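Worksheet for the structure shown next.
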Amino acid sequence: MRKMMLVVVLALGLIPMMLSVSEARRTYLDGVNSTCGTSYSCGLCHIDPRGGGPLTAEGSGFQATGYDSCYFCPTAPSCS
């Protein structure tokens, strides 16, 4: 019974952390779409088009810039 309670408590504690990471990544995508005037999805940076997991080459490049949205559209007016 104690093990079950511990598992439940840990699971409930991890859910908010997982959601906040997901929201943080969504913010990166929203920033890119806003800066570039695009409607990219998670597949722009992730091998899995639903997001999460390993990054594509573009995703790794974006990460290396510190998530600079201009990486995807360097000629956009806000990037000049």
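Values quoted throughout were computed directly from the atomic coordinates according to the rules given, and no laboratory measurement underlies them. Not measured: the values here are computed from a predicted model. Cβ sites come from the backbone with ideal geometry, for glycine too, and all protein chains shown count toward neighbours.
Annotation: amide H of His46 within the under-5 Å range of Thr56, sequence separation 5 or more or interchain, hydrogens built in the peptide plane.
On full extension of the chain, what length is gained from Thr27 through Cys79, given 0.36 nm per residue of separation minus the C-alpha to C-alpha distance? Mind dumping the intermediate values first?
Working: separation 52, 0.36 × 52 = 18.72 nm, distance 1.81 nm.
Full extension from Thr27 to Cys79 adds 16.9 nm.
The simple spin-label model puts a point 7 Å past each Cα toward its Cβ; for Lys3 and Thr56 those points are separated by 4.4 nm.
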